[in-house]
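Report on one structure; see the data block that follows.
The values are calculated or read from the model by the stated rules, or taken from the named source; none is laboratory data. Keep in mind that this is a model prediction, so the values were computed, not measured. Cβ placement follows ideal geometry from the backbone for every residue including glycine, while neighbour counts extend to all protein chains displayed. In case anyone asks, the SASA skips ligands and DNA or RNA and just uses the protein heavy atoms, side chains included. Shrake-Rupley method; radii C 1.70, N 1.55, O 1.52, S 1.80 Å.
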Amino acid sequence: MSEALLSVDGLQKHFPVTKGLLKRQVGAVKAVDGISFEVRKGETLGVVGESGCGKTTTGRLITRLIEPTGGKIVFEGRDISHMSQGKLRPLRRDVQMIFQDPYSSLNPRHTVGAIVGAPFRIQGVQTEHGVKRAVQDILALVGLNPEHYNRYPHEFSGGQRQRIGIARTLALKPKLIVADEPVSALDVSIQAQVVNLLEDLQNELDLTYVVIAHDLSVVRHISDRVAVMYLGKIVELADQKDLYKSPMHPYTNALLSAVPIPDVKGRQGRERIRLQGDVPSPLNPPPACRFHTRCWKAQEICKQVEPPLVELATGHEVACHFPENAPAKGDAPAEAGATA
Amino acid sequence: MTDEHFLDVKDLRIHFPTDDGLVKSVDGLSFHLERGKTLGIVGESGSGKSVTSLGILGLHKGGHAKISGEIWLDGEELVSASLDHVRSLRGKKMAMIFQDPLSSMHPYYSVGDQIVEAYRVHNKVTKQVARKHAIDMLDRVGIPQPERRFDSYPHEFSGGMRQRAMIAMALVNNPDLLIADEPTTALDVTVQAQILDLMRDLQRDFNAALIIITHDLGVVAELSDDILVMYGGKAIEYGTGADIFERPEHPYTWGLLGSMPRLDREPTERLLPIKGSPPSLINVPSGCAFHPRCAFEPRTHGKGKSEVPELIESEGGHLVRCHLTRDERRAIWETEIKPNLEATL
Ligand SMILES: Nc1ncnc2c1ncn2[C@@H]1O[C@H](COP(=O)(O)OP(=O)(O)OP(=O)(O)O)[C@@H](O)[C@H]1O
Ligand SMILES: Nc1ncnc2c1ncn2[C@@H]1O[C@H](COP(=O)(O)OP(=O)(O)OP(=O)(O)O)[C@@H](O)[C@H]1O
Ligand code: SF4
Ligand code: SF4
Ligand SMILES: [Mg+2]
Ligand SMILES: [Mg+2]
C-alpha cells in the first residue's frame with residue numbers, strides 16, 4: 001500500500017442559507033457533512049453519487065478553492081485546511097482541477113498559447129527554453145498540434161477544448177489532479193479519447209487523480225478505488241473491483257442496478273432495484289441514515305442511529321446497519337467492530 | 001414492408017441557410033414506425049436527431065428552414081400540410097417530451113393548470129372534469145399526493161418530478177406518437193430508471209408509437225425495437241436492436257460500441273476511441289461523411305473519399321451505408337472488432 005498524498009478527516013462544508021434584507025441565516029446546505037478518506041500517491045480515486053450529493057464541493061475543498069466549515073485536509077503531511085491564500089500559493093502548483101465544461105472554462109478572447117502559458121506567468125516559473133516552447137511541449141503531450149499555439153478556443157471541437165483545459169492543468173507539473181466530470185460534456189465518440197489521454201498522462205507523469213463523475217462505467221474504468229457519496233456523506237469506499245463485484249451499501253446496489261446496459265439480450269433477465277422518490281434536499285437531510293427514506297431494507301434503528309463508515313472487509317468501508325454481501329463475521333478485519 | 005406504416009418518413013431533408021452557408025442538418029432520412037413499437041435514434045452530437053423530431057412536429061414550419069421529403073402519419077402527409085393543420089395534430093396525434101422540462105413548461109402557471117389547458121385544447125369538457133383527469137395523470141406518472149401538488153409551480157418540483165409532469169402533459173391526450181428527445185439526460189441514474197420504467201408502462205397501456213432520442217446506448221438498448229444510427233444528417237445504420245448490438249456493420253457504430261466502458265463487461269485496459277472530431281455540416285466531408293475518422297477507409301480503394309455510399313440492405317431489413325461489402329463488414333466485425341470489445345470477457 002503506497003503512502004497517502006492527501007488525507008481528509010471529518011471534512012464539512014455547510015453553505016449558509018440566508019433570508020431577507022438582513023441576510024439572516026435560516027439554515028445551511030450541508031453539502032459535505034463529515035467525510036474521511038485518503039488519496040494514495042499514484043492512484044485514481046473515483047467519486048460517484050447523484051446530483052447534489054457534494055462531489056464538486058468535495059473537489060473544491062481538497063483543492064482549497066473553498067475553505068471547509070469543519071474537519072481537516074492534509075496534503076503531503078501539511079494541514080492546509082485553513083491556510084491563507086498567500087501560503088496556499090505553492091499548493092496551487094501541486095494541486096490542480098479540471099472542470100466539467102470545456103466550453104465555458106476557457107477564455108474565448110485568449111489564444112491557446114496564452115491560456116496554457118498563463119500558469120507559468122502567474123506563478124513566475126522559469127522555463128529552460130522559454131514559455132512558448134514549454135507550452136508547445138505540453139500541447140504535444142495532450143495530442144494537440146504545436147501549431148495550435150496561436151488559435152482561439154472556438155476553433156476547436158469539444159474534445160480538443162477539453163485537451164486544452166488538461167494542457168493548462170499540466171503546465172505546472174502538478175502532483176494531484178482533481179477532475180470534475182472531465183468527459184460528461186463530450187460526445188460519446190470523443191469521451192474515450194479523453195479517458196485514454198488521462199490514463200496515459202498518469203503513467204507518463206506519475207500523477208495522482210481524484211475523478212468525480214456520475215457515470216459509473218467511466219468511473220469503474222478509470223479508478224483504482226471508488227467512493228460513493230449520498231447527501232454529503234461517503235456511504236461506501238472500496239477497491240474498484242470489490243465495489244462493483246460485491247457492493248455492500250444498499251444505495252450502491254441500487255445505483256449499479258439502475259445503469260442501463262447496452263445489450264439487447266440481457267434486458268429481460270437483469271434484476272433491478274427500483275428506488276422510490278428523488279434524492280432528498282441537503283437543506284433538510286433525513287436524520288440518522290440519510291438513505292432511510294428510499295431504502296428497502298430500512299428498520300427502526302436506521303431512523304435513530306447513524307451508521308458509521310467502518311471497514312467490513314479488507315479495504316472495503318461501508319456505512320450501513322444491514323449491508324449486502326457482507327462477509328461472515330469471522331472474515332471481517334478485527335477493527336471493524338460488531339456493526340454487521 | 002410495402003404496407004402502410006403508422007409513421008413513414010421518406011427522404012426527409014431539413015436545411016438551414018446561414019451566413020456561413022447551408023447547414024444540411026437532415027439530409028435524406030427515411031424510417032418508419034408502427035403503433036406500440038419503439039424506435040431509438042442515436043448518433044453524434046449535431047447529427048440531426050433533434051431537428052428531425054422537431055420536423056415531425058412541424059416546428060420548423062414557417063421558419064427559414066428548407067424542408068423537403070414526406071412525413072406520413074396515420075395516412076396523412078405532413079410536410080405539405082398547412083401549419084394550422086399540423087398544429088391541430090399536436091397533443092392528440094403526436095406529442096413530444098423535451099430534454100429540459102423547465103424551459104418547456106411555463107414558469108408562471110401551475111403544473112396542474114398547464115396539464116388542464118393541454119387537455120382542454122382537444123377535449124370540450126369543464127374545468128372540473130379536466131382537473132380530475134389531470135390529477136389522474138399526475139398520479140399515473142408517480143407524483144405523490146397529486147391533488148396537493150396540482151397547484152405547484154414547475155420550479156417547486158425536483159428535476160425528476162418536473163420530468164414526470166412533462167410526461168403527464170405529453171400523455172394527457174393519449175397521443176398516438178410520442179417523441180422523447182433525451183428525456184432522461186438531466187436526471188440521476190436512479191430517477192432515470194424510474195422514468196424509463198414509466199415510459200415503457202405507459203407506452204404499453206396506450207399502445208403509442210414511441211421515438212426515443214438519446215446519446216446513451218444503454219437507454220436505447222433497453223427500450224427500442226428498432227434503432228437508427230445517425231451521422232452528419234444521414235442514417236448510417238438502421239436495424240433491430242439485435243442488428244445494432246449483436247451484428248453491427250457500420251464502422252461508426254463499431255466506434256460507438258468501442259468508445260464506451262460498460263458495466264456488464266470486465267473493464268478492458270484501453271478504450272477504443274473514434275479518432276478525430278465530428279464533421280462540419282456546412283463543409284460535409286466528401287464521399288462518406290465518416291471517412292476522415294474511419295480506420296477502414298483505405299480498404300474501400302478511394303471510394304470512401306469520393307463517393308457517397310447508399311443506405312443498402314444487408315439482410316432482413318438491416319440497412320447499412322458503407323462501401324465495404326457485406327462480407328468484408330461481417331469479417332471485420334467478427335475478427336477485428338468483436339474480439340477487442342470482449343477481450344477480457
Ligand atoms: N456556493 C454554494 N452555495 C449554496 N449551496 C451550494 C453552493 N455550492 C453547492 N451548493 C449546494 O451543495 C450541494 C452539493 O453540491 P455539489 O455541487 O457539490 O453537488 P454535486 O455532487 O457536484 O452535484 P452534480 O452531480 O449535480 O454536479 C447542492 O445541494 C448544492 O446546491
Ligand atoms: N435553426 C437552425 N439554424 C441553423 N442550424 C441549425 C438550426 N437548428 C439546428 N441546426 C444545426 O443542425 C445540426 C443538427 O442539430 P440537432 O439539434 O438536430 O443535433 P442533435 O443530433 O440533436 O445533437 P445533440 O445530440 O447535440 O442534441 C447542428 O449542427 C445544428 O447546429
Ligand atoms: S442503514 Fe438502514 S436505511 Fe441506511 S442503508 Fe443501511 S439498511 Fe438502508
Ligand atoms: S464507406 Fe468507407 S469511410 Fe465510410 S464507413 Fe464505410 S469504410 Fe468507412
Ligand atoms: Mg458537480
Ligand atoms: Mg439534440
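See the values below:
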quantity: For B:Leu319: the one exception among (1) under 30 Å from B:Gly21 (Cα atoms); (2) assigned to a strand (DSSP E or B); (3) open to solvent by 30 Å² or more (accessible area, probe 1.4 Å); calculated: (1)
quantity: Subset of the range A:243-252 [within 10 Å of A:Pro323 (Cα to Cα) and modelled with pLDDT under 95]; calculated: none
quantity: Pick from the range A:153-162, criterion within 11 Å of chain B (Cβ to nearest Cβ) and open to solvent by 20 Å² or more (accessible area, probe 1.4 Å), ranking: nearest to ligand 2 (Cβ to nearest atom); calculated: A:Ser157
quantity: Selection count, the range B:73-106, where residues are assigned to a loop (DSSP other than H, G, I, E, B), more than 16 Å from ligand 2 (Cβ to nearest atom) and either touching a residue at least 60 places away in the same chain (Cβ under 8 Å) or within 14 Å of chain A (Cβ to nearest Cβ) (or both); calculated: 7
quantity: In the range B:256-287, residue farthest from B:Lys37 (Cα to Cα) [restricted to those that are within 16 Å of ligand 2 (Cβ to nearest atom) and touching a Pro at 6+ places or on another chain (Cβ under 8 Å)]; calculated: B:Pro285
quantity: The listed residue being basic (Lys, Arg) and either at pLDDT 95 or above or open to solvent by less than 70 Å² (accessible area, probe 1.4 Å) (or both), out of B:Arg299, B:Arg330; calculated: B:Arg330
quantity: Helices (runs of 4 or more DSSP H) enclosed by the range B:233-314 - at least 1 residues per element that are of a type in the set (Gly, Ala, Ser) and within 13 Å of chain A (Cβ to nearest Cβ); calculated: B:241-246, B:251-259
quantity: Condition met for B:Ser45 (surrounded by fewer than 21 Cβ atoms within 10 Å (Cβ to Cβ) and without any contact (Cβ under 8 Å) to a residue 60 or more places away in the chain); calculated: no
quantity: Test: residue in the range B:75-85 that is open to solvent by 10 Å² or more (accessible area, probe 1.4 Å) and in contact with a Leu (Cβ under 7 Å, 6 or more places away or on another chain); calculated: no
quantity: Matching residues, the range A:61-78, being open to solvent by 20 Å² or more (accessible area, probe 1.4 Å) and over 14 Å from A:Leu6 (Cα atoms); calculated: A:Leu65, A:Ile66, A:Glu67, A:Thr69
quantity: Any chance A:Gly10 is open to solvent by less than 40 Å² (accessible area, probe 1.4 Å), part of a strand (DSSP E or B), touching a residue at least 12 places away in the same chain (Cβ under 8 Å) and away from ligand 1 (no atom under 13 Å from the Cβ); calculated: yes
quantity: First in the range B:107-127 and farther than 20 Å from B:Pro154 by Cα, second anywhere and at pLDDT below 95 and not in a helix (DSSP H, G or I), Cβ under 6 Å, 6 or more apart; calculated: B:Val121/B:Gly91; B:His122/B:Gly91; B:His122/B:Lys92; B:His122/B:Asn173
quantity: Residue check, B:Arg204 at pLDDT 90 or above, open to solvent by 10 Å² or more (accessible area, probe 1.4 Å) and in a helix (DSSP H, G or I); calculated: no
quantity: Whichever residue in the range B:151-184 is in a loop (DSSP other than H, G, I, E, B) and β-branched (Val, Ile, Thr) and, among such residues, is nearest to B:Ile115 (Cα to Cα); calculated: B:Val172
quantity: Failed item in (1) among the β-branched types (Val, Ile, Thr); (2) touching a residue at least 24 places away in the same chain (Cβ under 8 Å); (3) more than 16 Å from ligand 2 (Cβ to nearest atom), with B:Thr190 passing the rest; calculated: (2)
quantity: Qualifying residue in the range A:44-58 (condition: surrounded by fewer than 16 Cβ atoms within 10 Å (Cβ to Cβ) and either away from chain B (no Cβ under 14 Å) or within 16 Å of ligand 1 (Cβ to nearest atom) (or both)); calculated: no
quantity: Residue within the range A:237-260 that is under 27 Å from A:Gly315 (Cβ atoms), free of Cβ contacts under 8 Å to residues at least 24 places away in the same chain, among the polar types (S, T, N, Q) and touching a helix residue (DSSP H, G or I) at 6+ places or on another chain (Cβ under 9 Å) present; calculated: yes
quantity: Any hit, the range A:176-184, residues being farther than 24 Å from B:Asp188 by Cα and open to solvent by less than 10 Å² (accessible area, probe 1.4 Å); calculated: yes
quantity: Positions within the range A:82-93 being open to solvent by less than 80 Å² (accessible area, probe 1.4 Å) and under 19 Å from A:Thr208 (Cβ atoms), in sequence order; calculated: A:Leu88, A:Pro90, A:Leu91, A:Arg92
quantity: Any hit, the range B:130-151, residues being under 30 Å from B:Val9 (Cα atoms), touching a residue at least 60 places away in the same chain (Cβ under 8 Å) and open to solvent by 70 Å² or more (accessible area, probe 1.4 Å); calculated: no
quantity: Matching residues, the range B:172-183, being open to solvent by 10 Å² or more (accessible area, probe 1.4 Å) and either touching a Leu at 6+ places or on another chain (Cβ under 9 Å) or within 16 Å of ligand 6 (Cβ to nearest atom) (or both); calculated: B:Asp176, B:Leu178, B:Asp181, B:Glu182
quantity: Among residues of the range B:218-235, those that are open to solvent by 10 Å² or more (accessible area, probe 1.4 Å) and among the aliphatic types (A, V, I, L, M), counted; calculated: 1
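Condition check ((1) among the aromatic types (Phe, Trp, Tyr); (2) within 14 Å of chain B (Cβ to nearest Cβ); (3) open to solvent by less than 20 Å² (accessible area, probe 1.4 Å); (4) away from ligand 5 (no atom under 16 Å from the Cβ)) across all residues:
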residue: A:Lys241; (1), (2), (3), (4): no, yes, no, yes
residue: A:Lys245; (1), (2), (3), (4): no, yes, no, yes
residue: A:His249; (1), (2), (3), (4): no, yes, yes, yes
residue: A:Ser257; (1), (2), (3), (4): no, yes, yes, yes
residue: A:Gln276; (1), (2), (3), (4): no, yes, no, yes
residue: A:Pro286; (1), (2), (3), (4): no, no, yes, yes
residue: A:Arg294; (1), (2), (3), (4): no, yes, yes, yes
residue: A:Ala298; (1), (2), (3), (4): no, no, no, yes
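Here is a yes/no grid of residues against (1) within 14 Å of chain B (Cβ to nearest Cβ); (2) without any contact (Cβ under 8 Å) to a residue 24 or more places away in the chain; (3) over 24 Å from A:Tyr152 (Cβ atoms):
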site: A:Gly165; (1), (2), (3): no, no, no
site: A:Lys173; (1), (2), (3): no, no, yes
site: A:Val178; (1), (2), (3): no, no, yes
site: A:Ala192; (1), (2), (3): yes, yes, yes
site: A:Glu199; (1), (2), (3): yes, yes, yes
site: A:Leu205; (1), (2), (3): no, no, yes
site: A:His214; (1), (2), (3): yes, no, yes
